[in-house]
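Colleague: Got a structure here, written out as structure tokens. Questions coming.
Please treat every number below as a calculation from the coordinates, not as lab data. None of these values were measured; they are calculated from a predicted model. Using ideal geometry, Cβ is built from the backbone for each residue, glycine included, and neighbour counts are taken over all protein chains shown.
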Amino acid sequence: MTQPVVSEHHEVVKTFHLAPNARFQIKHKDNQLWLTIVKNNEIHNQFSSRETAAILTLKILYNIMLVLCLLGLTSLLLTCQRKAFKLKTLLVISAVLFSQALLPWSGFYSFIITKLFWPIGGGVTYYIATEHLFYFMVISVATLCYIPSLVRQYQQSLLGQAQDDNRNHSLIAYASQSGTAAAIAKSIAKQLPSTSRYHITCVSSLQAQQLSNYQQVLLLASTYGDGEPPELARGFISSLHQLEHSLSTVKYSVLAFGDKQYPQYCAFGHQLCAILREKGAQALMPVTEINQGNQVSIQLWWQQLTNVLGWHNSTLEKSWQQQSVISNTCLNPHSTSRHAHHISLMAQEHDFSPGDLVEVLPRQSATAIENKLLRCGWAPSTIVTHHNQSRSLLAALQQLNWQHEQADTPQALVDKLPELSARTYSIASCADQGVIDLLVRQVVKADNSVGLCSGYLAQLSAQDTLTMVIKKHHHFHPPSVQTPIIMIAAGTGLAPFIGFLEQRLRATKCADAWLIMGERDAQHDNYFDQQLTCFEQQSCLHKRQHAWSQSSESSAHKAKYVDEIIIAEQVEIRQWLLKQNAQLYLCGNASTLGASCDAALADILGANIFKRLKQQQQIKYDLY
């Protein structure tokens, strides 16, 4: 019910126009403020002083918010260098201003909103609906649509997308298969000058166009298998090939990791360098090859790089620790060769997760070296120069890998021998056990000589000590215990999965786990059989299958390979991966297990699905 306007009893303080035929007036009467809504010269609503105060407070707060919003958007518009982001910012500002322009014509929307919100409270609801809600909703929708762009802009700024700000930054990018390159990258970051700004990232999080946002790029690239890049690096390589603009402003250095035992030694590092050179980037120095993570070679590269860049020359050091041996058990003592050892170490002051690795620095027996020197007719006390320092021949050879090499003089021998390199082994336990378990096969070469590090480990006894360091392998950590998992291993590749299952054993409830294991002989090479049986009985291992390629019990165990099990179980594997979203892990030799399993999985899943699962990290590898 409307009432005629009786303005003679009120003192009008201020009038606000809502539309051509509507306004509200703030009036003063009896020392109180009254707000009156007037339409077609008739009063529609009158508000008390309390309601009026609430309305004015809302209006002030809203106007403050509007001003801050416009100032923030304008600041982004002026500082951002990306055209697409500028366009989105302009669209949001336009939406805000457009909603203000529509205010006088928002009666229809106000009517709908008023009906929806009327139970909140009469006149105030009408005012809010008319004055605020319509264009407040417009602003909110526009801002919500804008949030993903803001998040992307923030993330990209962390990786160097804010071009003007980051041109003086260094980028340290690593492509790591077993964690070696990642560990060295983090050591480099710690040694950078305090005034140096840098970003460190895995190449899986990097796009090729981001390289131009940095002054210098340090790429640490591991090669595995037959010259293959790590799985996580394939997307980056693809984007680098497709890059259209020049990288002429980028200076780079490639540190290539590999193993000289393989024909395509450090091939991925050289491939990276060739592509960067083709795209116009400038090499700070030639590709530096690192054999088996040799620390001396890494330090030499770092010294050369710091000289080129004018940085303070520092030392990249690993935190080697001495650890005691608890036990050393040969798991297949009756096997004629390929002895596998279960070695338990103290885990004091070590933080690790299943899937992590241990780097072991081998030692050479002083007695064995002395005997070899006597056969050569040289005295162990002969003085030679090693790393620009004078030391005894025996002391120098204890730091070098001397197998069967010969030389005319002691100094010539020292000069030609490679440095001792650490070897990497998977951890076969979880931290809750309080020990670090290793599964090590003693390598016997074609000339019947024993592998340096595996031979050293196989001879360890309880209470002996060894030099080691934990190497994090984040990309091969197990999933949540609530996630189904398929574990495929060959030989000592079983090691990390023992740690996975030990972790699941300690969980209250865990999802299904399936182990497919390949080895030679069922009678001699059934490692950890009792422990795996215990896992099955405790319902943390739900399915176990073995492939015995050379089983002496052919009647009981048909000779077959792991890829044959994959083909035979393809329906269930597809079910686990595609329906149950299981994670699939592979650990073993790259040229045998890796190649055969990849072919089998691509066959049963289809090439596109297989590629997608690898890109999504649903299939993970620890291959050597």
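Colleague: Mind giving me the nanometre distance, one decimal, between the label points for R197 and C376, set 7 Å out from Cα along Cα→Cβ?
Modeller: Reported label-point gap for R197 and C376 is 5.3 nm.
Colleague: Amide H of A547: which non-local residues (sequence gap of 5 or more, or other chain) have their own amide H closer than 5 Å, using H built in the peptide plane?
Modeller: M517, G518, E519
Colleague: Another question about this same structure. How far, in nm, would the chain grow between V571 and I60 when pulled straight, counting 0.36 nm per residue and subtracting the alpha carbon separation?
Modeller: 177.4 nm
Colleague: Starting from the Cα gyration tensor of the range 476-624, multiply each eigenvalue by 5, take the square root, and state the resulting semi-axes largest first in whole Å.
Modeller: Taking √(5λ) for each eigenvalue gives 22, 20, 13 Å, largest first.
Colleague: In what sequence, highest mean first, do 417-430, 227-240 appear when ranked by Cβ atoms within 10 angstrom?
Modeller: Answer by packing, highest mean first, reads 417-430, 227-240.
Colleague: What ranking do 596-609, 289-302, 481-494 get when scored by the average of other Cβ atoms within 10 Å per residue, highest first?
Modeller: 481-494, 289-302, 596-609
Colleague: Turning to a different aspect of this structure: Mind scanning K260/K471; K372/K471; K186/K611 and naming the pairs with a C-alpha gap bigger than 23 Å?
Modeller: K372/K471; K186/K611
Colleague: Please turn the phi angles of the range 588-598 into ³J(HN,Hα) values with the Karplus equation 6.51 cos²θ - 1.76 cosθ + 1.60 (θ = phi - 60°), one per residue in order, whole Hz, x for glycine and proline.
Modeller: x, 6, 5, 6, 9, 4, x, 5, 5, 5, 4
Colleague: Quick one: 3J(HN,Hα) in Hz for the range 292-304, Karplus 6.51/-1.76/1.60 with θ = phi - 60°, rounded, Gly and Pro as x.
Modeller: Result, ordered by residue: 6, x, 4, 5, 5, 5, 5, 5, 4, 4, 5, 4, 5 Hz.
Colleague: Non-local amide H neighbours of A283 (under 5 Å, H modeled in plane, Pro and chain starts lacking H): which ones?
Modeller: Close amide H contacts, sequence-distant or interchain: Y252.
Colleague: Using the basic label-point model (7 angstrom from Cα toward the beta carbon), what is the K509 to S539 distance in nanometres?
Modeller: The two pseudo-label positions are separated by 0.9 nm.
Colleague: On to the next question. Short version: what are the Cα gyration tensor semi-axes of the range 218-354, square root of 5 times each eigenvalue, largest first, in whole Å?
Modeller: Semi-axes, largest first: 37, 21, 14 Å.
Colleague: Non-local amide H neighbours of V435 (under 5 Å, H modeled in plane, Pro and chain starts lacking H): which ones?
Modeller: none
Colleague: How would you rank 374-381, 260-267, highest first, on the average number of other Cβ atoms within 10 Å across their residues?
Modeller: Taking the mean over residues of other Cβ atoms within 10 Å, the ranking is 260-267, 374-381.
Colleague: Calculate one ³J(HN,Hα) per residue across the range 528-542 by plugging θ = phi - 60° into the Karplus curve 6.51 cos²θ - 1.76 cosθ + 1.60, and present them in order as whole Hz with x for glycine and proline.
Modeller: After applying 6.51 cos²θ - 1.76 cosθ + 1.60, I find 6, 4, 5, 5, 5, 4, 4, 4, 5, 5, 8, 6, 10, 10, 9 Hz.
Colleague: Just subtract the alpha-carbon distance of A462 and H404 from 0.36 nm times their residue separation and send over the number in nm, one decimal.
Modeller: Length difference between fully extended and current span is 17.9 nm.
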